[in-house]
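Working notes, structure below.
Please treat every number below as a calculation from the coordinates, not as lab data. Every value quoted in this text rests on a predicted model; they were computed, and no experiment measured them. In this analysis, Cβ positions are derived from the backbone assuming ideal geometry, glycine residues included, and neighbour counts consider all displayed protein chains.
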Amino acid sequence: MSPESASTYPGVPEEVVGHHFSSLERQTEAMRLGMWLFLATEVLLFAGLFCGYTVYRFEFPLAFEQSSRHLNITLGTLNTVVLITSSFTVAMAIHYTRTNQRKMAAVCLVITILFALLFLGFKAIEYAEHFREHALPGKYYASAEVRIPGAAMFYTLYFLMTGLHGLHVIAGMSVLGFVLWRTLQGRYSSNYYMGVELGGLYWHLVDLVWIFLYPLLYLI
Amino acid sequence: MRLSEADSHALAGAAAHRNYLEDGTTVMSWLNTRDHKRIGVMFLASVIFFFLIGGIFALALRMKLLQPGPFLYDALSYNRLFTLHGVVMIFLFLIPAIPAAFGNFVVPLMIGARDVAFPRLNLASFYMYWAGALIAIYGMVHGGADTGWTFYTPYSSTTPTDVAPILLGAFVLGFSSILTGLNFIVTTHTLRAPGLSWMRLPLFVWGIYATSIIQILATPVLGITLLIVTVERIGGFGLFDPARGGDPVLFQHMFWFYSHPAVYIMILPGMGVISECVCAFSRKNPFGYKAIALSSIGIAFVGFFTWGHHLFVAGQSTFNAGAFGILSMLVGIFTAVKVFNWVGTMYRGAIAFKTPFAYICGFLYFLVFGGMTGVALATTSLDIHWHDTYFVIAHFHFIMVGASVMAFLAALHYWFPKMFGKVYPEGWGLVAASLIILGFNATFIPQFLLGNFGMPRRYYQYPEQFQALNVASTAGATLLGFGFLIILIYLAIALKYGAKSEANPWGSKGFEWMTDSPPTTHNFDQIPTITQMPHDYRTHEPPGVTRVA
Amino acid sequence: MNELLRRLLFLPDQASTFARDVDTLHFFVILTTFFMSTLVGLTAIAFFVRYHRKSETQTTPHVEPPGWMEALFFGVPLSFFLLWFFIGYSEFVRQQTPPSDAMDVYVQAKKWMWKFAYPDGPNTINVLRVPAGRNVRVLMTSRDVIHSFFVPEFRVKKDVLPGRYTDAWFNATTPGRYQILCSQYCGTGHSIMRGEVIVMKPQDYEDWLAQQRRGLASKQDGAGGLLDTSPPIGNLVEQGRRVAASEGCLKCHSTDGTRHIGPTWLDLYHRREKLTDGTFIDADEAYLTRSMMDPALEIVDGFQPVMPSFQGKLGAPDIAALVEYIKSLRSDAVQTGPSEGPAYAPVRGR
């Protein structure tokens, strides 16, 4: 129950502003801070795996190097381009929302989601290749390509890291899908676009994690 | 932007004479609430329930330990019991207890806000708590894990008991913890009343804020670590399995990276409670406000760099041990500073010995001993003898039960009138406090001696020379259990049949006493402007809701 | 003083060179803690009495600590903590660094027993013999999960890890028997995974070692072949003892070396016995089982054929328990034979 009537913030549905916030500005400030804190937790979640990668890379440098060569660098690079572009399109979606161009914003969101699907598609192709080669984690590793100790460890980390990242891509897609639905409903405007901004922030994180994964797994 | 007079009266009129407990009496109105006070009460009931469960496990363990040989049940059951005792007490009680129950209720009141920043997220964290609890209960009913709450690999990745539900339950509970912390940080940054600068914040809010930082930064690392162990169990992936090139000590590093800061999650809120209670019951401003406030942040920060002191004999390098040892000493200093300042608060105060004050005394004594034995452990050479013996058990129980639980009970009694508008029987309060303090000493001082004597942890059977001290400890535990039972009974009775409390029965000048007891759903008729520090007793106000403007 | 405090605090005997130093630091820390807490406690009580609330309308002054006081609050504990740390850490470094003249013993821990092997000497299970006054380094690894080697009287402890080896060292000062306790949780047998360190006078130790080297070149310690997660030997031995008593075995066989109606069980296992027909046998599990089932077949020279058959009377578990019991009746639980170091699976290989 907000004392501020809809007329205080044109284009903003009344129930959006929490009764406990003194103003909409305060609320958006809070939402932004909350999202950044949440992103920090995501970074730390992946940090554990990066730590494991560092430790085992140090222990099995040759195995890691050789196994890395056997990853599909074409698909990996394609995926990187896809994700970076999708970050661009989601930023455009925010821009269009802020300039009250609802249709364009929706289009950009749709493109972003399609890029995400494309990413998952490429990843699926890569995974299928690994399965065929028996380059699998832990005790299932039976690849003829790299047979030195530590190769299984590389694939354990590869599957854990890309798997966890893939789950986050799916989560990000769901979030953006929800934001798309709200956009089509006309909920966002230049006065209130937090949903799109926060969704975009999350998507940028998903992209950022991949930008670190890609060189560690594919390039070095 | 503040409410206009007209608007605030309109608001007040709509909910006049109805406090938050009466505002909607259906079950759904509770399960679907956004009100931080109701969520706090629901958390309170939940954590008390799980404290009792964990306590029953503890008593079962102590009963077995009356005899050195096999007795009452077998070794596998014993191993499951101590694992579940740890998991329930830590993840289902200690981590959420003060922040989610009392923090939720009191923090918005203390900063002059109508709710936390994200009320729906708050409700979500309550449901996540129960989701995690139910998953863990499923695991327990299925026999439960026998790994210890520390889940060391490769034992935890190879034991045939049902470990995965416990791991997943802990993962989900971690999520709940993260959401609670996130909410409090944003609340403190964005919902402070006009005039409430950081250096005027109540010390309890500082404590919760520091705790929330740890919750946000440390819990995800536990999450990923437990996830990896789960995957290792299900899929044989072998990140920590030496047979596949993995390093079991890496697990220990990653696990303790969370679990050491976690112990500060368990004590910092309690320290905040004690700060409030010492000021209220000494009727005095805090001695060294800045020191107490900033030492909370200090503990949170330095606490992240000390995890290696759990690995002094684990085979890590001597250099590592030295680095972690010296940093562990630093953390102890912040606690010492607080203790001196709390005692200093009593100087030239006007002290009333009520039940919360009895718990303050218990807290101070247990914190000093528990803390000092922690410092002793950190000297590295002494830890060689004490590591994984009953000395360590006694050390952490002194802090986790002796200090944290005393603080929890202090909070429960101090804020009981605020939360429920009822008065608890003071006489019984003091009786229970005495029993608990006595029982606690009788339970855990023998355990320090057992550790010195050489009895290792997690021992189902033990060499006969350890029996006398074990019997003493069990006797103490029984006394302790009685003390808790008495509290449960008289609080339940007070809830139903207790006398109505006035708005500020303690005459405290903490900011939460600016509203009614119990508060209305919206907390304040009008958001106050705060121009002074909390607990300023240079003037006396007539009884009733205190004003600070 | 040292002895008084040691007893008050329930500390075990100081049986190593390290123990005395560590206990001294212990006493320093404990006494300072008691003193300071008493001081703080008395101050609090004094305040409580002096500043008791007199009326409900009482006000209090605003008091802030002067800067020097806060500095003291910070500085005094810091000085003590750092002092203790530097003393403790230098002791710790000494404890972590085995001296170069230390004699080595290989230790292999597995659920739920300790195996010891001397580089050019015997293998033993659960018993470690060392000479007094000599630096001893233990090189330890585990076959399965993490264990920990702990001897309270020596104040020594080190985790034993699978896939790597860790080391610890001690110098035992006083001859005697000291318990080894596993101090890293490792499953249902964790609390009975115990061993013994027998500290011998140097001359006695040399004698024992020479005796072992001259000893029977019999089979390796045969505990292998059982699954790693077999129930702890202790239980079977207990069961065997009970069966031996209830089935009447002890009426004819002694367990302390005295000759009776039947051969003594002490040191029977792998004993080279001469039979009545002049042949020699090795009293292994097979022989012991045959003796229970068909005793008339192989009689030990010098004894009468009066043992009844237990065929149908003893089930397989009881027989196994009896065999384990007989195996446990060693005069000092020592097996002779060339040293077999533990199998250190290389970390990087598979």
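What distance in nm lies between label points placed 7 Å from Cα along the C-beta direction at residue B:18 and residue B:59?
4.1
Evaluate region B:204-349: find the radius of gyration of its Cα atoms, find its Kirkwood radius, and give the ratio Rg to Rh.
Taking Rh as the inverse mean 1/r over Cα pairs, Rg/Rh reads 1.12.
Can you tally the lysine pairs in chain B where the Cα-Cα distance is under 12 Å and the two residues are eight or more apart, or on different chains?
Taking chain B as the scope, the lysine pair count is 6.
Quick check: net charge around residue B:285, other residues with Cβ under 13 Å of its Cβ, Lys/Arg +1 and Asp/Glu -1?
+4
Using the number of other C-beta atoms within 10 angstrom as an exposure proxy, rank B:387, A:70 with the fewest first.
Starting with the residue having the fewest Cβ neighbours, the order is A:70, B:387.
Count charges around residue B:80 for me, please; just the other residues with Cβ under 11 Å from its Cβ, Lys/Arg as +1, Asp/Glu as -1.
-3
I'd like the mean, over residues of C:73-83, of how many other protein chain beta carbons sit within 10 Å of each residue's own Cβ.
6
Summarise the partner chain shielding of C:13-25 as one whole number: the mean count of Cβ atoms from other chains within 10 Å of each residue's Cβ.
1
Can you give the calculated 222 nm mean residue ellipticity of chain B, where each DSSP H run of n ≥ 4 adds -39,500 (n - 2.57) and the sum is split over every residue, rounded to the nearest 500 deg cm²/dmol?
Computed ellipticity for chain B at 222 nm equals -21000 deg cm²/dmol.
For each of C:37, A:86, B:317, B:501, count neighbouring Cβ atoms within 10 Å of the residue's Cβ, then give the residues from fewest to most.
Starting with the residue having the fewest Cβ neighbours, the order is B:317, C:37, B:501, A:86.
Put a dot 7 Å past each Cα toward the Cβ at residue C:31 and residue B:294; how far apart are the dots in nm?
3.6
Please find the FRET efficiency linking residue A:99 to residue A:54, where r is the Cβ-Cβ separation and R0 is fixed at 56 Å, and quote it to the nearest 0.05.
Working from the Cβ atoms, E equals 0.80.
Place +1 on the Cβ of every Lys and Arg and -1 on the Cβ of every Asp and Glu in chain B, take the dipole about the Cα centre, and give the residue among B:223, B:501, B:86 whose Cα lies farthest towards its positive end.
B:501
How do B:397, C:270, B:540, B:36 rank when sorted from fewest to most other Cβ atoms within 10 Å of their own Cβ?
B:540, C:270, B:397, B:36
For residue B:141 and residue B:475, calculate 0.36 nm times their separation in residues minus their Cα-Cα distance, and state this gained length in nm to one decimal.
Value of the extension gain: 117.4 nm.
Search the structure for amide H atoms under 5 Å from the amide H of residue C:128, placed 1.01 Å from N in the peptide plane, and list their residues when 5 or more places away or on another chain.
Sorted by chain and number, the residues that satisfy this are C:196, C:197, C:198.
If you take each beta carbon of peptide C:138-150 and count the beta carbons of other chains within 10 angstrom, what is the mean?
Partner Cβ neighbours, averaged per residue: 4.
From the phi angles alone, apply the Karplus equation (6.51, -1.76, 1.60; θ = phi - 60°) to region C:27-40 and give each ³J(HN,Hα) in whole Hz, x where the residue is Gly or Pro.
So the Karplus estimates, Gly and Pro as x, are 5, 4, 5, 4, 5, 4, 4, 4, 4, 5, 5, 4, 4, 4 Hz.
For a Förster distance of 41 Å, can you work out the FRET efficiency between the beta-carbons of residue C:242 and residue C:2, rounded to the nearest 0.05?
The value I calculate is 0.35.
Do the sum for chain A: with -39,500 (n - 2.57) for every DSSP H run of n ≥ 4, divided by all residues, what is the mean residue ellipticity at 222 nm, to the nearest 500 deg cm²/dmol?
The per-residue figure over chain A is -26000 deg cm²/dmol.
What number, in percent, do you get for the relative contact order of chain B if the mean sequence gap of Cα pairs under 8 Å and at least 6 apart is divided by its residue count?
In percent, rounded to a whole number, it is 18.
With +1 on the Cβ of every Lys and Arg and -1 on the Cβ of every Asp and Glu, and nothing else charged, how large is the dipole of region B:26-514 about its Cα centre, in debye rounded to the nearest 20?
With Lys and Arg at +1 and Asp and Glu at -1, about 1460 debye.
Just A:33, A:120, A:176 to compare: in a GNM of chain A, with alpha carbon springs under 10 Å, which one fluctuates most?
A:33
May I ask for the net charge around residue A:195, where only other residues with Cβ less than 11 Å from the Cβ of residue A:195 are counted and Lys, Arg are +1 while Asp, Glu are -1?
With Lys, Arg at +1 and Asp, Glu at -1, the net is +1.
Residue C:82 versus residue C:104, label points 7 Å from Cα toward the beta carbon: distance in nm?
Result: 4.1 nm between the two label points.
In deg cm²/dmol and to the nearest 500, what is the mean residue ellipticity at 222 nm of chain C if only DSSP H runs of at least 4 residues count, each as -39500 (n - 2.57), divided by the residue total?
When only DSSP H runs of four or more count, the value is -11500 deg cm²/dmol.
For chain C, what does the relative contact order come out to in percent, with C-alpha contacts under 8 Å and a separation of six or more?
Relative contact order of chain C: 17 percent.
May I ask you to list the residues of region B:495-536 whose amide nitrogen lies under 17 Å from a point 7 Å from Cα along the Cα→beta-carbon direction of residue A:19?
Correct set: B:516, B:519-528.
What FRET efficiency comes out for the pair residue A:212/residue B:323, r = Cβ-Cβ distance, R0 = 25 Å, nearest 0.05?
Using R0 = 25 Å, I get an efficiency of 0.40.
What are the ³J(HN,Hα) values, in whole Hz, obtained from phi via the Karplus relation 6.51 cos²θ - 1.76 cosθ + 1.60 with θ = phi - 60°, for each residue of region B:279-286 in sequence order, with x given for Gly and Pro?
5, 5, 8, 8, 6, 8, 6, x
For a protection proxy built on the mean count of beta-carbon atoms within 10 angstrom, sort A:169-175, C:303-309, B:430-436 highest first, please.
The most tightly packed comes first, giving B:430-436, A:169-175, C:303-309.
Which one, C:176, C:73, C:199, is farthest towards the positive end of the dipole of chain C when Lys and Arg carry +1 and Asp and Glu -1 on their Cβ?
Most positive-ward Cα: C:73.
May I ask which residue of C:146, C:59, B:265 lies farthest towards the positive end of the charge dipole of the protein assembly as shown, with charges of +1 (Lys, Arg) and -1 (Asp, Glu) on Cβ and the Cα centre as origin?
Value computed over the given set: C:59.
To the nearest Å, what is the center-to-center distance of region B:148-187 and region A:149-220, using C-alpha atoms only?
23
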